[in-house]
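Bear in mind these aren't lab numbers, they're just calculated from the coordinates by the rules spelled out. For clarity, every value in this text was computed on a predicted model and none was experimentally measured. Every residue, glycine among them, receives a Cβ derived from its backbone with ideal geometry; neighbour counts consider all protein chains shown.
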Amino acid sequence: MSLPSKVTLKRFVFAMVPVWLSAGCAGPEQEVLDRYLEASQRGDNETVAALSMVAFPEDVESWNVLDISDERREPYLVPELRQIVETAEDERDAQFKVFGEFRRKNYETLRRIRARVSDEPDYHFPGRNGELQDQWEVFRLERRQVVAKLHEAEIAFEREIRRVSKSLQRESSPEYLTGVALRKEARVRVTTVAPASVDEHYTITLTRYELKNQFDALVPARWIITDVGKAE
């Protein structure tokens, strides 16, 4: 078998250079986008979940990353969200204490009111019992409100904890870190599969955290996808 000529080798090397440069120029954000969309294309939900907080909303046939925005720095929300949870817990405990004292002082009357209203939901007592009935309803409404407020605060806090934990490249407690969140938006043209091949533009948000621990050491983190939506 004859060896390739110098001209053939030279052409081969030049043909490979643009591919190598293209791959080398792709930043970590581009790589995350490509891996995410490739995993979405082949239905690899495990990889999608490892790279992102959200699944891509359509079946992917092909894609083209058009541009990626400049990085913007935003506050690190974990300490603020933790404080919101603690405040909501205090409000709930204070309301429960007042509600519990009201129920203890008026237990027998409230028991009779509940029994009557259970049979006749629209019935309203006259006089003092009616006043207690109204107070009971106010307390019950306040109780639902403070519980709902705490639940919403806990969901937001836990969601941010999961987002930070996914971005961190080694185990660390997000609650004891300080720093900033970094965001970028990518504009991507995606050809979807069903019901027919359609080109649509999507905005994909990437997030990375620049955080330090209590020893002032930087905690390694990676870009992850935190939101996907159709571009306006």
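With the condition kept exactly as written, say whether any residue in region 50-63 is within 17 Å of the chain's Cα centre (by Cα), assigned to a helix (DSSP H, G or I) and under 20 Å from ARG159 (Cα atoms). Looking through region 50-63, at least one residue is within 17 Å of the chain's Cα centre (by Cα), assigned to a helix (DSSP H, G or I) and under 20 Å from ARG159 (Cα atoms). In the set (1) under 20 Å from the mean Cα position of the chain (by Cα); (2) without any contact (Cβ under 8 Å) to a residue 12 or more places away in the chain, the condition left unmet by ARG170 is number (2).
When the residues of region 62-121 are filtered to those that are basic (Lys, Arg) and within 24 Å of THR205 (Cβ to Cβ), which remaining residue is surrounded by the most Cβ atoms within 10 Å (Cβ to Cβ)? It would help to see each step written out before you state the result.
So in region 62-121, the residues basic (Lys, Arg) come out as 72-73, 82, 92, 97, 103-105, 111-112, 114, 116.
Then drop every residue that is not within 24 Å of THR205 (Cβ to Cβ), which leaves 72-73, 82.
Values: ARG72: 11, ARG73: 11, ARG82: 16.
In this case the residue turns out to be ARG82.
Being small (Gly, Ala, Ser) and surrounded by 14 or more Cβ atoms within 10 Å (Cβ to Cβ) holds for only one residue in ALA217, ALA221, and it is ALA221. For region 117-169, a residue qualifies if it is farther than 30 Å from ALA217 by Cα and of a type in the set (S, T, N, Q), and the qualifying residues are SER118, ASN129, GLN133, GLN135, GLN145. Exactly one residue among ILE113, ILE155 is among the aliphatic types (A, V, I, L, M) and more than 30 Å from SER40 (Cα to Cα), and that residue is ILE113. Out of all the residues in region 103-113, which are assigned to a helix (DSSP H, G or I), in contact with a Phe, Trp or Tyr (Cβ under 9 Å, 6 or more places away or on another chain) and closer than 25 Å to GLU91 by Cβ? Of everything in region 103-113, those that are assigned to a helix (DSSP H, G or I), in contact with a Phe, Trp or Tyr (Cβ under 9 Å, 6 or more places away or on another chain) and closer than 25 Å to GLU91 by Cβ turn out to be ARG103, LEU110.
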